[in-house]
Amino acid sequence: WRGDIRITKDTYNHLDYGMLERYVVINSLPVEEYLRGIAETSEKQQYEKLKAMALLVKWYVLYYLGENEHPSIPVDAKYDAVDDPRIFQKYVGAGVESLNVLWKKALRETEDLVITYQGILPILPYFHCSAGFTWSALEKFGRTDTPYLKSKLDVATCAAGVFEWHGVWLSWDGAEKLAKKWANFREIIRYFYEGVYILDLSLIHIW
């Protein structure tokens, strides 16, 4: 691992079982090192899909470093997110860094990019695979504040023809197939998240 490790006892809101008190292992480390240990992708996947995912996992961190509260953050926690792979991004530690060469390259090539919607950080989760389409946030969760999360046709479907996970926003398998056929990472993101803007911070000059 990188950074510091500590063990504490926390009460937290488990998404399935409600409020629980459990011992929690907390690994504190810089964001850049945390991102390198994310295992949401495979080195065998299309590189443009990896770049799209690099932007999305970085967005997830930025979103919850702000004033947005993740539903499973422990009560009175001193950190902003949880790395339990059942409910958050799958962080597996520094051991994976030597294996994920393309992932580290994708992070470097997108390090100055962020996704915005009308000047704000939008909520942009993703899921595994669909039944041939994605749900809009309005249809699935009744949200009226996310006009960029619309239902989309998905070019890939789950083997069983049903949804795996919540079914809203970007589909992993759909992004992989789009990248394999023709799309670059910008086109993938703009397809699934209609109306968002990919901002290049390296082009912003403060005088």
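Table for the structure above
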item: Of 152/177; 58/180; 44/140; 104/152; 49/105, those spanning more than 20 Å from alpha-carbon to alpha-carbon; result: 58/180; 44/140; 104/152
item: Most to least packed among 131-138, 95-102, 1-8 [average Cβ atoms within 10 Å]; result: 131-138, 95-102, 1-8
item: Other-chain or far-sequence residues with amide H under 5 Å of residue 170's (modelled H); result: 127
item: Spin-label pair residue 201/residue 112, simplified geometry with 7 Å Cα→Cβ offset, distance in nm; result: 1.2 nm
item: Integer Hz, Karplus 6.51/-1.76/1.60 couplings in order for segment 162-168, x for Gly and Pro; result: 10, 6, 10, 6, 6, x, 10
item: Charged-residue dipole, Cβ positions (Lys, Arg, Asp, Glu), the chain about Cα centre, Debye nearest 20; result: 520 debye
item: GNM top mover of 122, 30, 147 - the chain, alpha-carbon springs below 10 Å; result: 30
item: Added length on full extension, which subtracts the Cα-Cα distance from 0.36 nm per residue, residue 166 to residue 28; result: 46.8 nm
item: Surface per residue (accessible, 1.4 Å probe) for segment 93-206, Å²; result: 53 Å²
item: Percent RCO, i.e. relative contact order, over the chain, from Cα pairs under 8 Å lying at least 6 residues apart; result: 21 percent
item: Farthest toward positive dipole pole in the chain [+1 Lys/Arg, -1 Asp/Glu at C-beta], among 5, 35, 161; result: 161
item: With every protein chain in place, the chain: carbon and sulfur % of accessible area (1.4 Å); result: 53 percent
item: Three-way shape call for the chain based on the alpha-carbon gyration tensor, with the a/c threshold at 1.5; result: rounded
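The values are calculated or read from the model by the stated rules, or taken from the named source; none is laboratory data. Note that the structure is a prediction, hence the values are computed from the model and not measured. Heads up, the Cβs are rebuilt from the backbone with ideal geometry, glycines too, and the neighbour counts pull from every protein chain shown. Calculation scope for accessible area: heavy atoms of the full protein, side chains included, ligands and nucleic acids excluded. Shrake-Rupley method; radii C 1.70, N 1.55, O 1.52, S 1.80 Å.
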